[in-house]
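Enquirer: Please see the structure below; I have some questions.
The values are calculated or read from the model by the stated rules, or taken from the named source; none is laboratory data. Quantities reported herein were computed from a predicted structural model and do not represent experimental measurements. Every residue, glycine among them, receives a Cβ derived from its backbone with ideal geometry; neighbour counts consider all protein chains shown.
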Amino acid sequence: MSPIKTMRLTLMSATLIACVAATAEAGDFLLQWDNDKVADTDRHYTNGMRIGYVPTKPAEQLTDATGFLVNTFGYGGFPNYPPDNLRKGWVIGQNMYTPEDVDASVPDPQDRPYAGWTYVGVTVQNESDTGLTALNQQDTLELDLGIIGPEARAGETQNAFHRLINVSESRGWDHQIGTEPGVLLTRTVKFRTDAWQPFGTKMFGFDAIPHVTGQVGNVKTGAAAGATLRFGGNLAQDFGPIYGTFTLPRKRPDHFTWSLFAGSEARLVARDIFLDGNSFKDSPDVKRNWFVMESRAGVMFHAPVPDGWGIDGVRLDISHVIRTREFTTQDKSDRYGSFKLTLNY
């Protein structure tokens, strides 16, 4: 399949999923784009695209894959979930990774290997009162299934886009990590403190959001913990940014919300197929660092839209991300920009 046809197929598939979801039921849609070029780099985690959909109607009953997720992995928080706060949804995405030198036909074996990961996923998210004063909890589960390697078509997608914007192609995709099915289960728990409002109004306040995350699968296995500080308005309608690339669309707010945020996350990494290589056969790999830090700062606006406009709300998240060295021969930290557009229908 030619690169242009591959890119068209990817866009058509994403559009089809969005159209089917829209005709079936009103909901919240997320379009996410991560890219390092906006941070003036072109290496390592170089691009990520993600589309998410969550129906507006609360998931009063969990069936099929979402029921399996909660019943099997919903430790704490989920067993006694408030039905009105439970949301389930679906995602589709693609991530691509390259070495620093993309002009070399044969990549440097000491640099990050070429790798692509295309996946679909099912998600469940719940918000509840912890029972403690001034502390609320958000639980998120996601199960992703996909393909790693040439069949993920990350190389074709990247080079087709590079030709479109008149940028030189990456030449080493023939040496990428080999084909392997990918499975990734992610659980994130966030806690939000009540906002401190020194000016006596909800439009200006401060809060803190600590979080913990666990991941299991042949794609990634590890654990993380961190916290985010925010300054903004109507903060109680939001649980702030997520770390890594794991994001869901937010539901329409009752009032205009905004925030400036900054935070960090510490990760313990036991497995990362994009660094360690294929699970059961030889492939390009580098020696992974077991400890990684990620810092994120940005701005968010989420506005409800008056009746008659054909849309209920619009949200924009823009953030700058810095991630410390992920493998031992990496010479400097990585950075990239992340843009998220949520549309509430």
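Enquirer: Could you list, in sequence order, all residues of region 274-293 that are at pLDDT below 95 and either assigned to a strand (DSSP E or B) or of a type in the set (Lys, Arg) (or both)?
Expert: Correct list: 281 only.
Enquirer: Take residue 319 and tell me if it is free of Cβ contacts under 8 Å to residues at least 60 places away in the same chain, among the small types (Gly, Ala, Ser), in contact with a Ser or Thr (Cβ under 8 Å, 6 or more places away or on another chain) and more than 22 Å from residue 146 (Cβ to Cβ).
Expert: no
Enquirer: Just give me the residues in region 204-242 being on the phi > 0 side of the Ramachandran plot and modelled with pLDDT under 95, in sequence order.
Expert: 234, 240
Enquirer: Identify, please: which residue in region 201-225 is of a type outside the set (Ser, Thr, Tyr) and crowded, with 20+ Cβ neighbours inside 10 Å and is, among those, farthest from the chain's Cα centre (by Cα)?
Expert: Taking the candidates together, the pick is 205.
Enquirer: Follow-up question, since we're still on this one. If the Cβ limit is 7 Å and pairs must be 6+ apart or interchain, which residue in region 213-231 that is within 18 Å of residue 285 (Cα to Cα) pairs with which residue that is hydroxyl-bearing (Ser, Thr, Tyr) and in a loop (DSSP other than H, G, I, E, B)?
Expert: 218/279
Enquirer: Is it the case that region 242-259 has a residue that's farther than 28 Å from residue 191 by Cα and not in a strand (DSSP E or B)?
Expert: So far as region 242-259 goes, no, none of its residues is farther than 28 Å from residue 191 by Cα and not in a strand (DSSP E or B).
Residue by residue, here is whether (1) surrounded by fewer than 17 Cβ atoms within 10 Å (Cβ to Cβ); (2) within 28 Å of residue 93 (Cα to Cα); (3) hydroxyl-bearing (Ser, Thr, Tyr) holds:
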residue	(1), (2), (3)
188	no, yes, yes
199	yes, no, no
232	no, no, no
251	no, yes, no
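Enquirer: Enumerate the pairs (first residue in region 179-205 and touching a residue at least 24 places away in the same chain (Cβ under 8 Å) and farther than 14 Å from residue 238 by Cα; second residue anywhere and in a loop (DSSP other than H, G, I, E, B) and among the aromatic types (Phe, Trp, Tyr)) with beta-carbon separation below 6 Å, excluding pairs fewer than 6 apart on the same chain, so at least 6 apart or on different chains.
Expert: Note: pairs meeting the criteria are 186/246.
Enquirer: Taking into account only those residues within region 189-200 that are part of a strand (DSSP E or B) and touching a Leu at 6+ places or on another chain (Cβ under 8 Å), which is farthest from residue 137 (Cα to Cα)?
Expert: Filtering region 189-200 for residues that are part of a strand (DSSP E or B) and touching a Leu at 6+ places or on another chain (Cβ under 8 Å), the one farthest from residue 137 (Cα to Cα) comes out as 193.
Enquirer: Out of all the residues in region 161-197, which are more than 20 Å from the chain's Cα centre (by Cα) and under 25 Å from residue 283 (Cα atoms)?
Expert: Answer for region 161-197, where residues must be more than 20 Å from the chain's Cα centre (by Cα) and under 25 Å from residue 283 (Cα atoms): 169, 170, 171, 172, 173, 174, 175, 176, 177, 178, 179, 180.
Enquirer: Would you mind stating whether residue 331 is under 25 Å from residue 237 (Cβ atoms), modelled with pLDDT under 95, of a type in the set (D, E, K, R) and surrounded by fewer than 17 Cβ atoms within 10 Å (Cβ to Cβ)? Break it down stepwise before answering.
Expert: Numbers: under 25 Å from residue 237 (Cβ atoms): no; modelled with pLDDT under 95: yes; of a type in the set (D, E, K, R): yes; surrounded by fewer than 17 Cβ atoms within 10 Å (Cβ to Cβ): yes.
No; evaluated as a whole, the condition is false for this residue.
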